[in-house]
Amino acid sequence: MRASVQFRNFDDYLTAVRELSQDVLRPNEHRLTREGGIPEDLTEALKEIGLFGISIPEEYGGLGCSMEEQIRLTFEFCQASCVYRSRFSTTIGLTSQAILDFGTSSQKEFYLPKMAAGECTGSFALTEPEAGSDAASLKTKAERDGDIWVINGEKRYITNAPQADVFLTMARTNPSDKSANGISAFLVDASLPGVSVGEPPRMLGNEGSHVCYVWFENVRVSESALVGGKEGAGLKAALRGINHARLHVAATCVGQAIRLIEEMTNYAARRIQFDRPVGEFGQIQALLADSQAEMAAARALCIDCAKAFDLGGPIPHVDIASAKLFASETVSRIADRAVQILGGVGYMEDMSSIPRLYRDVRLFRIFEGTSQVQQANIARAMLKDI
């Protein structure tokens, strides 16, 4: 494996990640809720195997995985609870990729090696109470005070906010420009005076993943915190990370779908009614077959997008939007079928993992761009070509 003496090649690494997911992460899923987050021993296991550095180049201490390799890894580790992935997702995607493509040399050299080692958790601070899908309408502002920037604003739904060492923060630097061009990106140390994080709210699912409000009150940062040393490129940096993250979310949906299909198939093979397994009934077989076919289609679409990503040309935005839309809608359908096949067992919290998985996957149709946002993006691109 590049940048790792542990593994000779990618296939060996993939096998090790598969074993971690199946033998360590899955058996410990119950601890995510009981201990209010990912326990430190499991976080260390994620760090030790290198998952914080899969998207970061070797020159900065990462594993330098191609996008296809990252997606194949995601299929494996996301067969365990998707909460595990959330612990390093904002580091490998939204923050590190923006720094990698838009940061200065000193920003790359300072942050990326620490991120790759799991010593620096990056958190992505874009969403606000009045700026979600319409990111350009954000109100957080950064004003110059000599050679210092003063940041004020409120962010919400910020994943890994309590664990963050640095917030990649979008703020308006040109109040007269209400477009995306008036927004800049800053790397804000989480320990700076004026940065405060709210308590993690209770959510429908993804228990153990921390998504919080973050407030910036007269937070003073130096010029070196401005990503790329350039004003007005904030949303470009954000979109680079978001497109990376959206493809990872699509792959996460595939991993979760594989897990759901495994659980529902095993149950259908074991559950006896009318002197035979329920899996022998045509209606149950139809639910299983549709789930398998749709998961396979989502998996193929993710791999296809990843290969296009790796060619080095323009990022296939429409294809990534299609993958995120299809995979997130697919896994929700599969989760619903799993509950149906398991019947009462699928509705009982203490009798199977299906209720938790059912709640967890619902989020994927909302974050990193709702299904409706993906539909709009896809349709606009289609109409542009007419």
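Each value in this text was obtained by applying a stated rule to the coordinates, not by laboratory testing. Since the structure is predicted, the reported quantities are computational estimates derived from the model, not experimental observations. Cβ atoms come from the backbone with ideal geometry, glycine included; neighbour counts cover every protein chain shown.
For the reader, a short list of remarks on this structure follows.
- Diagonalising the gyration tensor over the Cα atoms of the chain and scaling each eigenvalue by 5 before taking the square root yields semi-axes of 37, 22, 21 Å, largest first.
- Angle in degrees between helix 234-270 and the longest Cα principal axis of the chain, rounded to the nearest 10: 10 degrees
- Expected 222 nm ellipticity per residue - DSSP helices of 4 or more, -39500 (n - 2.57), all of the chain, to 500: -15000 deg cm²/dmol
- Checking the cross-link pairs Lys236/Lys307; Lys47/Lys114; Lys141/Lys178; Lys178/Lys384 against a 20 Å limit on the alpha carbon distance flags Lys236/Lys307; Lys178/Lys384 as lying beyond it.
- Viscosity 0.692 mPa s, 37 °C: Kirkwood-radius Stokes-Einstein D of the range 10-120 over Cα pairs, µm²/s: 231 µm²/s
- Put simply, the C-alpha atoms of the range 101-157 give a gyration tensor, and the ellipsoid matching it has half-axes of 25, 18, 10 Å, longest first.
- Over the range 236-384, the reciprocal of the mean inverse Cα-Cα separation, the Kirkwood hydrodynamic radius, stands at 16.3 Å.
- C-alpha center-to-center spacing [the range 144-161, the range 97-134] in angstrom: 13 Å
- In the range 123-232, taking the dipole from charged Cβ atoms about the Cα centre, the farthest positive-side position among Tyr213, Ile148, Ile183 is held by Ile183.
- Phi to ³J(HN,Hα) by Karplus 6.51 cos²θ - 1.76 cosθ + 1.60 over the range 13-28, Hz, x for Gly, Pro: 5, 4, 4, 5, 5, 4, 5, 4, 4, 7, 9, 10, 6, 4, x, 9
- Distance from the range 266-289 to the range 338-367 (C-alpha centre basis), Å: 18 Å
- Degrees between helix 371-384 axis and first principal axis of the chain (Cα, 0 to 90, nearest 10): 70 degrees
- Descending semi-axes in whole angstrom, ellipsoid equivalent of the range 172-227, from the Cα gyration tensor: 27, 16, 10
- Amide H within-cut-off set for Tyr157, under 5 Å, with H built and near neighbours excluded: Cys212, Tyr213
- In order along the range 130-142, phi translates into HN-Hα couplings of 10, 9, x, 4, 8, 5, 5, 8, 4, 10, 4, 10, 10 Hz, rounded to whole numbers, per the Karplus curve 6.51 cos²θ - 1.76 cosθ + 1.60 with θ = phi - 60° and x for Gly and Pro.
- For the range 74-230, the direction-averaged projected area of the alpha-carbon convex hull comes to 9.6 nm².
- Per-residue ³J(HN,Hα) for the range 176-190, Karplus 6.51 cos²θ - 1.76 cosθ + 1.60, θ = phi - 60°, Hz, x for Gly and Pro: 7, 10, 7, 8, 4, 5, x, 10, 10, 10, 10, 9, 10, 4, 5
- This model, with +1 at the C-beta of Lys and Arg and -1 at the C-beta of Asp and Glu, gives the chain a dipole about its Cα centre of some 740 debye.
- With respect to the chain, whose longest principal axis is taken over its alpha-carbon atoms, helix 282-310 is tilted by about 30°.
- Taking amide H atoms as placed 1.01 Å from N in the peptide plane, the amide H of Leu192 has no partner under 5 Å among residues 5 or more positions away or on other chains.
- For the range 142-237, the list of trypsin sites (Lys or Arg not before Pro) that fall in a loop by DSSP and count at most 11 other C-beta atoms within 10 angstrom reads Arg202.
- Packing-based exposure ordering (other Cβ within 10 Å, fewest first) of His248, His30, His317, His210: His30, His317, His210, His248
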